[in-house]
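Trainee: Input: one structure, supplied below.
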Amino acid sequence: VLLPLIDRMGDAKDQVREQAQNLILKLMDEAAPPMYIWERLAVGFKHKNYRSREGVCLCLTATLNIYGAQPLILSKLVPHLCTAFGDSNSQVRDAAILAIVEVYRHVGEKVRLDLTKRGIPPGR
């Protein structure tokens with residue numbers, strides 16, 4: 001179910017993208033733990049459609065806002081965000097930055113150290 005939902009997050013219509021994200025969040029609430037879902041959603045960071053890549057970043061932000069950082073293993077997701085920082089599309093880069101800001105808000109300085117280890121400049 002998740003792979004078609006990742007595709008739907010790349011749809012041209014805003015409403016379709018929003019409903020796909022809402023269904024993913026509903027699955028986290030009713031069907032499986034958030035990290036289980038995210039282990040399968042991580043492939044979306046490399047999707048061929050830029051809107052899908054952007055949607056996955058926005059979905060991570062929404063997940064953090066709803067569930068916090070506790071149910072997620074963020075060390076598995078941060079490398080994907082680091083890759084998205086260098087994406088060819090500016091909307092994906094902006095969504096990745098928003099997601100990492102949300103991660104920072106929940107985790108704190110540990111994220112900054114992790115980003116430094118990955119070669120992301122401190123000013124960024």
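The values are calculated or read from the model by the stated rules, or taken from the named source; none is laboratory data. These figures come from a predicted structure and were not determined experimentally. Every residue, glycine as well, gets a Cβ built from its backbone with ideal geometry; the counts of neighbours run over all protein chains shown. The protein model used for the area step is the full one, side chains on, heavy atoms only, and it has no ligands, DNA or RNA in it. Shrake-Rupley method; radii C 1.70, N 1.55, O 1.52, S 1.80 Å.
Trainee: Assuming R0 = 25 Å, can you tell me the calculated FRET efficiency for the pair Val1 and Thr116, based on Cβ-Cβ distance, to the nearest 0.05?
Mentor: 0.10
Trainee: If you count only protein heavy atoms with a 1.4 Å probe, what accessible area per residue comes out for the chain, rounded to a whole Å²?
Mentor: 56
Trainee: Within region 51-71, find all residues whose amide N lies under 17 Å from a label point positioned 7 Å from the Cα of Ile97 along Cα-to-beta-carbon.
Mentor: Hits in region 51-71 for Ile97 at 17 Å: 54-55, 57-58, 61.
Trainee: Here is a further query. Of the accessible area of region 1-118, with the probe set at 1.4 angstrom, what percent is carbon plus sulfur?
Mentor: Answer for region 1-118 is 54 percent, counting heavy atoms of protein chains only.
Trainee: Let me ask you something else. Might you report the magnitude of the Cβ-based charge dipole of the chain about its Cα centre, with Lys and Arg at +1 and Asp and Glu at -1, to the nearest 20 debye?
Mentor: 380
Trainee: Could you name the aspartates and glutamates whose alpha carbon sits less than 16 Å from that of Lys76, not counting residues in the same chain fewer than 8 places away?
Mentor: Straight-line reach from Lys76, under 16 Å: Glu39, Glu102, Asp114.
Trainee: How do 55-66, 96-107 rank on mean C-beta neighbours within 10 Å, highest first?
Mentor: 55-66, 96-107
Trainee: Here's something else I'd like to know. Equivalent ellipsoid semi-axes for region 1-118, as square roots of 5 times the alpha carbon gyration tensor eigenvalues: give them largest first, rounded to whole Å.
Mentor: 21, 17, 11
Trainee: Let me ask you something else. Could you state the angle between the C-alpha long axis of helix 74-85 and the longest principal axis of the C-alpha atoms of the chain, as a value from 0 to 90 degrees rounded to the nearest 10?
Mentor: The answer is roughly 90 degrees.
Trainee: Still on this model: When the chain is fully extended, how far beyond the present Cα-Cα distance does His106 get from Lys13, taking 0.36 nm per residue of separation?
Mentor: 30.4 nm
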